[in-house]
1. What FRET efficiency comes out for A:Arg318 versus B:Glu329 if R0 is 41 angstrom and r is the Cβ-Cβ distance? Round to the nearest 0.05.
2. Which one of B:His216, B:Phe49, A:Ser300 is farthest out on the positive end of the charge dipole of the protein assembly as shown, using unit charges on Cβ (Lys, Arg +1; Asp, Glu -1) and the Cα centre as origin?
3. What is the fewest-to-most order of A:Asp185, B:Asp95 by other Cβ atoms lying within 10 Å of their Cβ?
4. What's the magnitude of the charge dipole for chain B around its Cα centre, counting Lys and Arg as +1 and Asp and Glu as -1 at the beta-carbon? Answer in Debye, nearest 20.
5. May I ask for the equivalent-ellipsoid semi-axes of chain A, computed as the square root of five times each C-alpha gyration tensor eigenvalue and listed largest first in whole Å?
6. So for the pair A:Glu278, B:Gln102, with labels modelled 7 Å out along Cα→Cβ, what separation do we get in nm?
7. Hey, for B:Gly71 with labels 7 Å out along Cα-Cβ, what do the inter-copy distances come to in nm, ordered shortest first?
8. Quick one: label points 7 angstrom along Cα→Cβ at A:Asn351, distances to the other copies in nm, smallest first?
Number of protein chains: 2
Amino acid sequence: MCSLIAPHVQQGGIQTAYVMPNLVPPISNTDQAVEYHASLSKLAPTTKFLMSLYLSPTLTPDEIRKAKASGVVWGVKSYPRGVTTNSASGVESYDVYYPVFQAMEEAGLVLNLHGEVPSDTDKGICVLNAEALFLEHLHKLHAAFPKLRIILEHATTRAAVKAVKECGDTVGCTITPHHLQLTVDDWAGKPLNFCKPVAKYPDDRAALRAIIKEGHPRFFLGSDSAPHPLASKLPSAATHGLETVTSCGCAAGVYTSAILLPLCTHLLESFGALDKLEGYVSTFGRTFYRLSEAQEGISSVTLRRVGAGSEGTTEAARVPFAYIHPEHEAMPEGAKDRIQVVPFMAGATLNWEIAP
Amino acid sequence: MCSLIAPHVQQGGIQTAYVMPNLVPPISNTDQAVEYHASLSKLAPTTKFLMSLYLSPTLTPDEIRKAKASGVVWGVKSYPRGVTTNSASGVESYDVYYPVFQAMEEAGLVLNLHGEVPSDTDKGICVLNAEALFLEHLHKLHAAFPKLRIILEHATTRAAVKAVKECGDTVGCTITPHHLQLTVDDWAGKPLNFCKPVAKYPDDRAALRAIIKEGHPRFFLGSDSAPHPLASKLPSAATHGLETVTSCGCAAGVYTSAILLPLCTHLLESFGALDKLEGYVSTFGRTFYRLSEAQEGISSVTLRRVGAGSEGTTEAARVPFAYIHPEHEAMPEGAKDRIQVVPFMAGATLNWEIAP
């Protein structure tokens, strides 16, 4: 899977990728991050990978300082227990991590928050209000560590947009392209569009679009691109057996890496925010992460409208139905599903493509 | 499919079934209903089937009187356009049907409402607020036809419970067993639990449970049991092809017919409403539909707690992973999925069973 998707970052028009640590097992210390960084860099030598650590009780202030010194770790990601894929070892309370956050603030590492509280039916908490109920934690952390850079990742609600706006300059917010497009209706009965946080009400989507259209510099692209094999997104009785299918669910996640920049362009144009594209996909995030363009050797990418006077571009702009490593293309259909990845908007035509 | 599931009504402990008309094509006139009634009665001679017609522009006051005279049609079901399975020919405005409703009121037929307005992202309408936004239509219809018996079917929200309570004695409300159990978290990424109306917030489920626990006589069982083949609930690339799978969704519906009475008993006990079981599953609905027990020759059903002093009952109380017609059991797995039906709570053990 890694060899299939690592090169997709560049293919999608992106030169710098922030790598989330929720692998199995998670990337929870510097040595693991350095090793993971080396393997990704080998697969995609022209992409700069910024690594993160998984927040867990094994993380210490000393480890934070070691991470900073490594030169490849840029932040620490926090997952609430059980609310997202591979986050079983995540956290519910933050107080115990205050010494770690203190060290992060001093070292200049970023705290990336998966901003949802765990579902609890008896307490009235479900995937629909889990983000809104998290926001008090964001405010509390920001108040306790005003100089710590915090990013509320993959925000999905009007409430989250409002909360981040109310914070100071050290608090940023990522918005995925798929959350700029989806609402709850799009994943109800459609597991390929199912991700966490789930896409919410039309009014929430309107708030996400509005803040991007406003060009607010603390709201920027975070793809949250998640490559799950089709068999995990849509388990079948033939592949998994009837008992497994009836008891387990579909993996949460939407995959956008290979089409990321054309997709963002297509979507921002759809709601009249094309003039905010560079800020959303590049400069706002780079500024927040303190990545200067000159320093990082970033080159510009040119996008062109599909079919605008050029020939043979339509096919290139059609999103593939699935990605599969060339070595696996000859596999039988059922086996293929265990390795191929269906991207967001599979089969759709995007209005923009990256110019060669 | 019909020959598999028609006998399940009796197997589930039920003697009278109200049959919804949303087939392909829909049952939209008396002749079709009489024919459908005959075929169901042949498959399950001991079950009494009450038929309904599909509300559409072809329905006239004369047809209503003909339906009533048939002796097998008890009501008319309304589907908002596009909001539920096979409801493409449904309706959005009710005014045009006032002459039909007038005839129904006079003839004593029941109006069954699928109480959701169609989703419309631009107007802020999605599957989560579609029921609450429908309630003004319920109040309007009730005010216009105070003697017309109306049932708000498969209510899922606190708002719907409140709205029905505020109406007079001619307005009833069904609540499915699965909506007494599920919340949005249970169908997020789990297509087998996906149905319409979708299960909503924990607070909504609490309101549904509370009104059953209260023993309110206008709130009663409507199973909304929908038998979709597994391949429709969980389409696979191997069976349907990659292009189909990426563009289509999973069928909406939960199947409970074969386990209905034990399931209701199990669930009502789980929230302390076992003493309201008879009202919920039998007397309240029969009274609303004006079915006297003596007149219909209904016999009582005895339930027993699983494992309570008896031997060998545990296996019988386990919900099967799937139902398939004996003629199809030898089919290969992939082909089987096109005909077998996975029930709600497949593989779980219910605490109650029907005594032989």
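1. Numbers: r = 43 Å, r/R0 = 1.04.
Plugging the Cβ-Cβ distance into 1/(1 + (r/R0)^6) gives 0.45.
2. B:His216
3. Details: A:Asp185 21, B:Asp95 8.
Least crowded to most crowded, the residues run B:Asp95, A:Asp185.
4. On the way: 30 positive and 35 negative charges, 89 e Å.
Using only the charged Cβ atoms, the result is roughly 420 debye.
5. Numbers: eigenvalues 171, 122, 98 Å².
Square roots of five times the eigenvalues give 29, 25, 22 Å.
6. 6.8 nm
7. B:Gly71 label point versus its equivalents elsewhere: 9.2 nm.
8. With the label placed 7 Å along Cα→Cβ, A:Asn351 yields 5.7 nm.
Bear in mind that the values in this text are calculations on the coordinates, not laboratory data. Quick caveat, the model's predicted, so the values are computed rather than measured. Positions of Cβ are generated from backbone atoms using ideal geometry, with glycine treated the same way; all protein chains shown enter the neighbour counts.
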